[in-house]
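Engineer: Before I ask anything, let me first share the structure, which is written out below as structure tokens.
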Amino acid sequence: MAKPLVLSFGGAEIPCPLCKVERSDLYGFVEIETLDEQGRKCTLATLADDGRRVIASGGTSFASLSPEGHWVEKKTLIPTDNQGKRMTPVPSSYSGPVALEKTATIDEYLSHDIRAVYQIASEVDLSPIMDELKKGTIYQFPYSFRGGLEPDAGFLLLAADGTPFIAIGSPTRLEFVGLSESAGVGAEEESGGEEEESIDFGMM
């Protein structure tokens, strides 16, 4: 069994085995098999940039190169921010208890892109925190599966049927078009229409 996520609340530590909820669990799935003319199963391949070589599945990988083009081991790289300052990696959330101290509103929760949902095993005793969850309280905490440079946002909340689950996501970043930009687009369209109307078709 996978290592549980340990939640810390009110002086109690609650080990929570998590079961990932896949999209296929909710909606089912369709698997498509492609066969050749002899009935053999086809596998994915990639055509190289030269247009001649075919690279089979598993034949490509990522590599890090120095500015001089030399191979660089990943463990020797030092992460920095856009200001050139060294970044301190965050540990895995499974390396120690995760404190539930911060709460989030529904709007804050909905302002995140949720990429993974985990159901907490039904045999877990959440009595120290269940009263708060039943009130609709949403707890937010930093979450990182393996550890890394920046943690995701984790949310602990209760489903309508009373099932506790954890949602993992990141803040939604939206770019809005202002009124000035909208007006500019409309002006261009209007000017384009005037130019079309001023064309003398008799010259054609």
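Engineer: State all residues of the stretch 51-80 that are under 28 Å from Leu5 (Cβ atoms) and free of Cβ contacts under 8 Å to residues at least 40 places away in the same chain; if no residue qualifies, say none.
Structural biologist: Lys74, Lys75
Engineer: Another question, if that's okay. Pairs under 9 Å by beta carbon, first residue farther than 19 Å from Thr172 by Cβ and touching a residue at least 12 places away in the same chain (Cβ under 8 Å) in the stretch 84-111, partner open to solvent by 70 Å² or more (accessible area, probe 1.4 Å) and basic (Lys, Arg), six or more apart or different chains?
Structural biologist: Partner pairs satisfying both residue conditions: Ser92/Arg146; Tyr94/Lys3; Tyr94/Arg146.
Engineer: Is there a residue in the stretch 3-17 that is modelled with pLDDT under 85 and open to solvent by 90 Å² or more (accessible area, probe 1.4 Å)? Lay out the reasoning, then the answer.
Structural biologist: Of all residues in the stretch 3-17, those modelled with pLDDT under 85 come to none.
No, there is no match, as no residue in the stretch 3-17 is modelled with pLDDT under 85 and open to solvent by 90 Å² or more (accessible area, probe 1.4 Å).
Engineer: Residues that are at pLDDT below 90 and surrounded by 10 or more Cβ atoms within 10 Å (Cβ to Cβ): find the strands (runs of 3 or more DSSP E) completely inside the stretch 19-116 holding 1 or more of those.
Structural biologist: The qualifying strands (runs of 3 or more DSSP E) are 45-47, 54-56.
Engineer: Another question, if that's okay. I'd like the residue in the stretch 163-174 that is in contact (Cβ under 8 Å) with a residue 24 or more places away in the chain and open to solvent by 30 Å² or more (accessible area, probe 1.4 Å) and, out of all such residues, is nearest to Arg23 (Cα to Cα).
Structural biologist: Phe165
Engineer: Does the stretch 127-156 hold any residues that are aliphatic (A, V, I, L, M) and crowded, with 18+ Cβ neighbours inside 10 Å, and which are they?
Structural biologist: Answer for the stretch 127-156, where residues must be aliphatic (A, V, I, L, M) and crowded, with 18+ Cβ neighbours inside 10 Å: Ile129, Ile138, Ala153, Leu156.
The values are calculated or read from the model by the stated rules, or taken from the named source; none is laboratory data. Predicted, not measured: the structure shown is a model, and the values here were computed from it. In this analysis, Cβ positions are derived from the backbone assuming ideal geometry, glycine residues included, and neighbour counts consider all displayed protein chains. All accessible areas refer to the heavy atoms of the entire protein, side chains included, with ligands and DNA or RNA removed. Shrake-Rupley method; radii C 1.70, N 1.55, O 1.52, S 1.80 Å.
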